[in-house]
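Data block below; observations after.
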Amino acid sequence: MNKKGFTLIELLSTIAIMTIIATVLTVNVLNIFENKQKITNQTKENIITTAANVYLELNKNKELKENCKLNGCNISVNTLIKEGLLNEEDVNNSKVINIYYENNEQKVKIS
């Protein structure tokens, strides 16, 4: 007798293996997207921090810079956009950069 086709066990084992592979791939793809979002957010925060530091270093902001060293200061993202240091499309306009000093080291908090 000539057998053609697959047995039930062969079909079930193939489906089980394909399910495991699909699950592993899905988890990995989701992790890639999550990591990409974290990196994007960190990059945006670095850009905002750099723009705020450049804003403080401008000659017209010497008084603000001295005040920041003594008491800390807040700079809005809108201010950085108006000064041409950031693009409106790249950042959230409602964010505020809080710059303060601890042990003569500059700290930045974005909220």
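Here, each number is a calculation from the coordinates, and none is a lab measurement. All values reported here derive from a predicted model rather than from experimental measurement. A quick note on method: Cβ atoms are made from the backbone with ideal geometry, for glycine too, and the neighbour counts reach across all protein chains shown.
Select the strands (runs of 3 or more DSSP E) contained entirely in the range 10-111, then report the ones holding at least 2 residues which are in contact with a helix residue (DSSP H, G or I) (Cβ under 6 Å, 6 or more places away or on another chain), among the aliphatic types (A, V, I, L, M) and surrounded by 10 or more Cβ atoms within 10 Å (Cβ to Cβ).
Filter on the range 10-111 gives 96-102, 105-110.
When the residues of the range 43-60 are narrowed to those that are of a type in the set (S, T, N, Q) and under 20 Å from K95 (Cα atoms), which ends up farthest from the chain's Cα centre (by Cα)?
Of everything passing the filter in the range 43-60, N53 is farthest from the chain's Cα centre (by Cα).
How many residues does the range 64-97 contain that are basic (K, R) and within 20 Å of the chain's Cα centre (by Cα)?
1
Pairs needed: first member in the range 72-85, within 14 Å of K44 (Cα to Cα); second member anywhere, assigned to a strand (DSSP E or B); C-beta distance under 9 Å; at least 6 residues apart or different chains.
Final answer for the pair search is V77/V96; V77/I97; V77/I110; L80/I97.
Yes or no, residue by residue, for (1) within 11 Å of I48 (Cβ to Cβ); (2) basic (K, R):
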{"residue": "G72", "(1), (2)": "no, no"}
{"residue": "N78", "(1), (2)": "no, no"}
{"residue": "K82", "(1), (2)": "no, yes"}
{"residue": "L86", "(1), (2)": "yes, no"}
{"residue": "D90", "(1), (2)": "yes, no"}
{"residue": "K95", "(1), (2)": "yes, yes"}
{"residue": "N98", "(1), (2)": "no, no"}
{"residue": "E102", "(1), (2)": "no, no"}
{"residue": "V108", "(1), (2)": "yes, no"}
